[in-house]
Amino acid sequence: MTNTVNQDYPVSSVSYRNISSSQWHTTNIPEGVALTISGAANDNLLVGNYIDPSDPDTNVAITGGGTLKFDNAEGYVLVRNGGDSPNQSHATLDLSGLNYFEAAAAGVRVSGDDDGDGAYRTGTLSLAESNRIDADAVWVGGYAEFGQNSYLYLGQSNDIYTGAFNVASSEGPGTRGGIGNVSFQEELDNPRVKIRGNSGEDSRANMYVATINNGAITNSYLRGYIDFTGGTVDAKLDNLRIGYDNQWSSLWSGGAPFSGSLSFDSGKVDVNTVVLGRSNGTVGPHGTITVGADGTLTVGSITLGQSNGNRAATGILNLNGTLEATSVVLGAGGSPAHATATLNFNGGTIRNKVDTDLTISSGTGSAVTFNLAGASATHTFEAQDGYSISVDSPVTGTGGFTKTGEGTLALSGDNGYTGNTTVNAGTLTLTHGTSSNTIADS
């Protein structure tokens, strides 16, 4: 079915639903034309259904050089099909052939939900070439899909202002769990995404990936993956939680510990507080961040592996770019012996956040690895004049490092790294010594 919007046209709501076959609906909005959806509460842009086991897949493409505008602060953009068993139907909204999409909404939900009714909902949303989203919350994947995938594919230019960016995360009690995936569309030329809070440029969003914040999940199977590689990210966040269980949740008998990851290779992610891998009831949540060569992760505090309630948790930071921080904790919580923390310093720079000291510390009894990876890789510790970087975690690996900046780098762990140590500026202090091949002052 194909239809064309040939003049500016306002409507209160739009719904697409297939009831007999999985055909495509195509709506064309030509250049210079806008389709505006602006209604009252419960007036939505809906692709798919809430829960009807008889429906097939619903597939929608909105194309053209015009604009699709959703303007309803009490309404939702919903992309989800459901049924009473897994893999029954899927909803797709493809805006990749559209010039511009704008949404001012209570929420954008790609399958994700918070009503806990157990529907097997999945969806895929591909954004337009340029996009502006203002929403109280964005959900991709939820906790009612029993290990099924939902996807958000970003366009060339993406500005997202939201209170919470949720990828396979839960805000209330329910059962089972879903897999949420966020990435750029393929074959774009240096796409970009900006993420802020919903109070303007200086506000910060929360980002929750494979996270249970409130209300236990029974038989959980949460997987969340955000992959910004191939583009540039500019994100200001308050809390970033990946693989985080704040409740006494249980695992699905056919699943594994829930996990999440964030990867980016260009741009900056600026966060107040980061937790990677936190257990409470669930055994073994995993949280991973990978920072590429042209990426910068700026944090107030970051904790890798936080174990509570005698449960295992794993946090991993793969650093190939720059880390700016005030506090890095490797293994923490009420049961640190069950925390596993790995900082793979594959190359790049670790430096203190501007005008603050930086401490890198290990939890008692935690399984901690601070690895200078690669004998030929360049690892730099840069300490600002008048400030210090203090590391009590044992530093291991085949690599060495270069100390720059007029401040002080203090290593107090039982270090076992074997590469060369070069001091270009400032002061280096070693409490336990080092296995370094050479220590040079340049």
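Residues that are of a type in the set (D, E, K, R), touching a Leu at 6+ places or on another chain (Cβ under 9 Å) and either modelled with pLDDT of 95 or more or buried (at least 19 other Cβ atoms within 10 Å of the Cβ) (or both): does the stretch 395-403 have at least one? Walk me through it before giving the result.
Filtering the stretch 395-403 down to residues of a type in the set (D, E, K, R) leaves 403.
When the remaining residues are screened for being touching a Leu at 6+ places or on another chain (Cβ under 9 Å), the result is 403.
The next check asks that each one be either modelled with pLDDT of 95 or more or buried (at least 19 other Cβ atoms within 10 Å of the Cβ) (or both); those that pass are 403.
Checked the stretch 395-403: at least one residue is of a type in the set (D, E, K, R), touching a Leu at 6+ places or on another chain (Cβ under 9 Å) and either modelled with pLDDT of 95 or more or buried (at least 19 other Cβ atoms within 10 Å of the Cβ) (or both).
Yes or no: the stretch 48-70 includes at least one residue that is at pLDDT 90 or above, under 24 Å from SER130 (Cβ atoms), touching a Lys or Arg at 6+ places or on another chain (Cβ under 9 Å) and surrounded by 13 or more Cβ atoms within 10 Å (Cβ to Cβ). No, the conditions are met nowhere in the stretch 48-70. The single condition from (1) modelled with pLDDT of 95 or more; (2) over 23 Å from SER388 (Cα atoms) that THR314 fails is (1).
Of the residues making up the stretch 359-394, those that are farther than 15 Å from LEU304 by Cβ and assigned to a strand (DSSP E or B) number 8.
Considered as a group, the residues in the stretch 375-392 that are buried (at least 18 other Cβ atoms within 10 Å of the Cβ), within 29 Å of the chain's Cα centre (by Cα) and not acidic (Asp, Glu) include one that is farthest from ALA332 (Cα to Cα), and that residue is ALA377.
Within the stretch 10-17, the presence of a residue that is assigned to a strand (DSSP E or B), in contact (Cβ under 8 Å) with a residue 12 or more places away in the chain and buried (at least 22 other Cβ atoms within 10 Å of the Cβ) is excluded.
So for the stretch 137-153 (the condition being more than 22 Å from ASN272 (Cα to Cα), at pLDDT 95 or above and either of a type outside the set (A, V, I, L, M, F, W, C) or touching a helix residue (DSSP H, G or I) at 6+ places or on another chain (Cβ under 6 Å) (or both)), does at least one residue qualify? Yes, that holds for at least one residue. Evaluated against (1) over 18 Å from ALA91 (Cα atoms); (2) crowded, with 19+ Cβ neighbours inside 10 Å; (3) at pLDDT 90 or above; (4) of a type outside the set (Phe, Trp, Tyr), ASP159 falls short on exactly one condition, (2).
Just to verify a result, which residue in the stretch 72-119, among those that are assigned to a loop (DSSP other than H, G, I, E, B) and acidic (Asp, Glu), is modelled with the highest pLDDT?
Within the stretch 72-119, the first condition is being assigned to a loop (DSSP other than H, G, I, E, B), and the residues that meet it are 82-90, 95-97, 111-119.
Add one more test, that the residue is acidic (Asp, Glu), and what stays is 84, 113-115, 117.
Numbers: ASP84: 63, ASP113: 57, ASP114: 50, ASP115: 50, ASP117: 49.
Among them, the one singled out is ASP84.
With respect to the conditions (1) modelled with pLDDT of 95 or more; (2) more than 18 Å from THR314 (Cβ to Cβ); (3) more than 22 Å from the chain's Cα centre (by Cα); (4) of a type outside the set (Ser, Thr, Tyr), ILE350 lacks only one, and its number is (3). If you scan the stretch 395-407, which residues turn out to be in a loop (DSSP other than H, G, I, E, B), more than 29 Å from the chain's Cα centre (by Cα) and under 20 Å from GLY321 (Cα atoms)? If the condition is that a residue be in a loop (DSSP other than H, G, I, E, B), more than 29 Å from the chain's Cα centre (by Cα) and under 20 Å from GLY321 (Cα atoms), then THR398, GLY399, GLY400, GLY405 are the ones that fit.
Select, from THR26, THR4, the only residue that is over 22 Å from GLY123 (Cβ atoms), surrounded by fewer than 21 Cβ atoms within 10 Å (Cβ to Cβ) and β-branched (Val, Ile, Thr).
Details: THR26 fails: over 22 Å from GLY123 (Cβ atoms).
The match here is THR4.
For ALA73, indicate whether it is loosely packed, with under 15 Cβ neighbours inside 10 Å and touching a residue at least 12 places away in the same chain (Cβ under 8 Å). For ALA73, the condition - loosely packed, with under 15 Cβ neighbours inside 10 Å and touching a residue at least 12 places away in the same chain (Cβ under 8 Å) - is met.
The values are calculated or read from the model by the stated rules, or taken from the named source; none is laboratory data. Here the structure is a predicted model, which is why all the values come from computation and not from measurement. Don't worry about glycine lacking a Cβ; one is built from the backbone with ideal geometry, like all the others, and counts go over all protein chains shown.
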